[in-house]
1. Highest mean first, how do 56-64, 18-26, 44-52, 71-79 rank when packing is the count of other Cβ atoms within 10 Å averaged over residues?
2. Please give the length that would be gained between residue 59 and residue 10 if that part of the chain were fully extended, namely 0.36 nm times their separation in residues minus their C-alpha to C-alpha distance (nm, one decimal).
3. Charges on Cβ only, +1 for Lys and Arg, -1 for Asp and Glu, centred on the Cα centroid of the chain; of 27, 43, 53, which one is farthest towards the dipole's positive end?
4. Among (i) 5.1; (ii) 7.1; (iii) 5.5, only one was calculated for this model; which label is it, if the read-out is mean projected area of the Cα convex hull in nm²?
5. Tally Lys and Arg at +1 and Asp and Glu at -1 over the other residues with C-beta under 15 Å from the C-beta of residue 43: what net charge comes out?
6. For the chain, set up a Gaussian network in which alpha carbons nearer than 10 Å are linked by springs, and say which option among 29, 14, 68 fluctuates the most.
7. Size of the dipole of the chain about the Cα centre, Lys and Arg at +1 and Asp and Glu at -1 on the beta carbon, nothing else charged, in debye to 20?
8. With unit charges on the beta carbon (Lys/Arg positive, Asp/Glu negative), name the residue among 2, 12, 75 whose Cα is farthest towards the positive pole of the charge dipole of the chain.
Amino acid sequence: MFLTLAQGRESVDALTADADVDAVLDALARGALLGARGNSGVILSEYLRGFAAGARSAAGAQAAVTVALALREAARSAYDAV
């Protein structure tokens, strides 16, 4: 899982400084998927993908609502991956 997140971080580091939140979350999820190691890595990358999708769908909501919806979508994506 460490290597999966490390690859995600490298993808985020490659973004320009003006990248928005959606671009950062998408880069993290995509990088994690490409660098996923084992079943846990794939599940983690799906969790991050779901978090990005949930955050995007809650755009404009209060911050706490956005995080709650993003976490719910992340959990759903991770369960679906299993």
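1. Working: 56-64: 11.0, 18-26: 13.9, 44-52: 23.3, 71-79: 17.0.
Descending packing order for the listed peptides: 44-52, 71-79, 18-26, 56-64.
2. Values: separation 49, 0.36 × 49 = 17.64 nm, distance 2.53 nm.
That pair, residue 59 and residue 10, stretches by 15.1 nm at full extension.
3. Value: 43.
4. Comparing each candidate, only (i) matches the computed number.
5. Details: positive: 37, 49, 76; negative: 46, 73, 80.
Result for the neighbourhood of residue 43: 0.
6. Most flexible of the set in this elastic network: 14.
7. Working: 7 positive and 9 negative charges, 56 e Å.
With Lys and Arg at +1 and Asp and Glu at -1, about 260 debye.
8. My answer, from the dipole projection, is 75.
Readers should treat all values here as calculations from the given coordinates under stated rules, not as data from a laboratory. Bear in mind the structure is a predicted one, so any value in this text is a computation, not a measurement. Note that each Cβ is placed from the backbone with ideal geometry, even for glycine, and that neighbours are counted across all protein chains shown.
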